[in-house]
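The values are calculated or read from the model by the stated rules, or taken from the named source; none is laboratory data. All values derive from a computational prediction rather than experimental measurement. Positions of Cβ are generated from backbone atoms using ideal geometry, with glycine treated the same way; all protein chains shown enter the neighbour counts. Note: areas computed on protein heavy atoms with side chains; ligands, DNA, RNA excluded. Shrake-Rupley method; radii C 1.70, N 1.55, O 1.52, S 1.80 Å.
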Amino acid sequence: MSFHDRGFLAGAVGLAALAAVLFVASTFWPVEEALGLGTGGGGRIAATCVLLSLIAWLSDMARRNAIASLAPCLVTAWRWLNGDWRVSALLSIPALYVWVLTTRVIPGLPWVAPDTGTYLGFAVYRTLLYPLLLRLIAITTESPQALHLPQLAAGLAVTVLFAESYQRLVRNALASVLVGLFLLFNWPLLNRSLYLLADYPFYVLFTAALCVKFGIMRDPRPFRLVVLALLLALAVAIRPVGIALLAFVPVLLLLRPWLWRRVTVYLIAPLMAALLGIAAVNARVLDYFALENFGGFGASANAMLILRADTPTTVPVLRDALLARAEPYRTAFVTARTAQDRYSVIAEATDSLLDIALEEARRFGRAERRIEPTDSSRHRLFVGALNETSPLNRTIGNVVPIQDDFEWRWLDRQLGEIGRQARLHNPLGLAIQVLTNLRFAPQGFLPFERIPETFTAFRAFSLDHQDLGMGTVVIAPARDDVPLVSVAGFNVVASAMGAADRLFSFPLAILMSAGFVCGAAITIRARRRAIPEDMSGLVGLVAVALAYSLAVCYGQIPLGRLMIVCAAPMAALLTVPILLPGWACQELKDA
């Protein structure tokens, strides 16, 4: 038996043993709740134990050529199915199904949220790229209802491409098709594509960058490195947290240190130039030389929970006001009975804490006359020019005023300064807060939910209302006259995935798979062996997912809409147990 085969077989047995230990522990201690995975009890851990033990047995059987001797035709069919573009062809059918469902069946699209107006109005605290993309789309169409279609089409295409890229890395069609289905039939992710918000475009760029990274793991061509730099810069231009994608680079250099010159010239240098260009555009249009103008405000909810009376600051009056207003939330957090309750307190208090931070900072600045106004003339000139590019843009400009809050930069800077001091002078509180957030972050990665029977929880976008339709609910039912496509059909698949999640605990499987992949890579590296390309790619996914989670948990609360955009690496890691027999079958093919 080769070392590669022994390593994966031992890893499978090790995972099953760990699941068994967790199952035994769950009879004395609420393991799943302690890990932040929910409250399913020991039954889900028992099922996970049985599943992983079965996978270990299948891996051993495949290694011993038992599968080939039982059914040679299955091996031939498997080899054909693992060819290029086979997965894309298979997934194009469900992708087309989802496209028809979202464009012909679901009513009231696109939907709007309170933040939609801040994008259409080019709010000074938003990054420029997504609002600019919306206005460019508005040049090509006269229908407001078509504004979300490009991001929806791009998202479905990138999802299929991600599954194909993953397939070319691992050569396991079952795992790759499941990855595609996990993402295509994930309602919390899909419904972000139906809003005029930056969430889904960020998912598109984030996932596209992961596709290129898989290609780099197979063949690090200079062209691919340049494309990755471009995609990474575009992701950062929509949400600066996209910089977490860089976590892939240390992994690449650790596994293949001889590539450092190529990575520096074709990835790091173009990326730095692109980021400087983004900051320069922001300075020209929005009067600040940075990637974003939101960090201080966005992190203020977390900062207020660890702020202390002795935190040094240049604005003690504002600090004391924030302390007083946040006291009820801190009390609720401290008196919560369980860790899940404490996290729920934080999650539910986030919006209120953000409003309090902005209200108190604005009141203090005006009372003390410390606010330094921002020059918004270029901002108004830029948006005014866009408003004249098409009839639809002109209508948007008439309904949504330019949101050039001249006080914002000062407010964000003051809240950012207090937040930095709070973190520096309460490192223990910061560590507890980040670990608490990180502990429950997996709940938002791959939630499987059914499309609701009614859509009264959503608001339809309309330029006939000053509030863009926020005051009008969607009362129309889903259409039932489209052949072969319906909400019920989507819910059949989504319900099956949800049932599997309730049975096997997907978050637990993801965490165990990530630990197995990293542990196997370290073991192989310690023996001075070359780490296989597929394992290298999965280690890179773990690094990116961890970096993204840490960034979100440090800066904000890991709410579902922030975590769901990182669903692609989670879906891939979820299939690691399925790869174990596939890897063994691949060794048969090579033999």
Per residue, how much accessible surface does region 91-151 expose to a 1.4 Å probe? Answer in Å², no decimals.
34
Quick one: Karplus J couplings for region 488-494, per residue in order, coefficients 6.51, -1.76, 1.60, θ = phi - 60°, nearest Hz, x for Gly and Pro?
4, x, 4, 5, 4, 5, 4
Rounded to whole Hz and in sequence order, give me ³J(HN,Hα) for region 117-134 from the Karplus expression 6.51 cos²θ - 1.76 cosθ + 1.60, θ = phi - 60°, writing x for Gly and Pro.
x, 6, 7, 5, x, 6, 4, 5, 8, 9, 5, 7, 5, 5, x, 5, 4, 4
Of the peptides 357-370, 113-126, how do they stack up when ordered by the mean number of other Cβ atoms within 10 Å, highest first?
113-126, 357-370
Per DSSP H run of n ≥ 4, the term is -39500 (n - 2.57); total these for the chain, divide by its residue number, and report the mean residue ellipticity at 222 nm rounded to 500 deg cm²/dmol.
-22000 deg cm²/dmol
Please report the spacing between the Cα centers of region 229-250 and region 196-222 in Å, no decimals.
9
Amide H to amide H, which residues 5 or more places from residue 195 or on other chains are under 5 Å from it, using H placed in the peptide plane?
111
Could you tell me which of rounded, prolate or oblate describes region 298-447, using a ≥ b ≥ c as the square roots of the eigenvalues of the alpha-carbon gyration tensor, with rounded for a/c under 1.5 and, failing that, prolate when a/b is larger than b/c and oblate otherwise?
oblate
If you add up the charges near residue 293, with Lys and Arg at +1 and Asp and Glu at -1, over every other residue whose beta carbon is less than 14 angstrom from its beta carbon, what do you get?
-3
Scalar couplings 3J(HN,Hα) for region 563-579 by Karplus 6.51 cos²θ - 1.76 cosθ + 1.60 (θ = phi - 60°), nearest whole Hz, x for Gly and Pro, are 8, 5, 5, 9, 5, 4, x, 5, 4, 5, 5, 5, 8, 4, x, 5, 6
Cα gyration tensor of region 85-286, axes a ≥ b ≥ c as square roots of the eigenvalues: rounded (a/c below 1.5), prolate (a/b > b/c) or oblate?
oblate
Distance between region 133-174 and region 341-411 - C-alpha centres, whole angstrom:
30
Considering the values (i) 81, 57, 53; (ii) 81, 63, 50; (iii) 96, 70, 50, which represents Cα extents along the principal axes in Å as calculated for the structure under consideration?
(i)
Share of accessible surface on carbon and sulfur in the chain, whole %, 1.4 Å probe and ligands ignored, is 65
Under 9 Å, Cβ to Cβ, from residue 425 - net charge with Lys/Arg +1 and Asp/Glu -1:
+1
What does the highest-first list of 257-268, 281-292 look like by mean Cβ count within 10 Å?
281-292, 257-268
For region 365-518, shape from the Cα gyration tensor axes a ≥ b ≥ c, cut at a/c of 1.5 then a/b versus b/c, turns out oblate
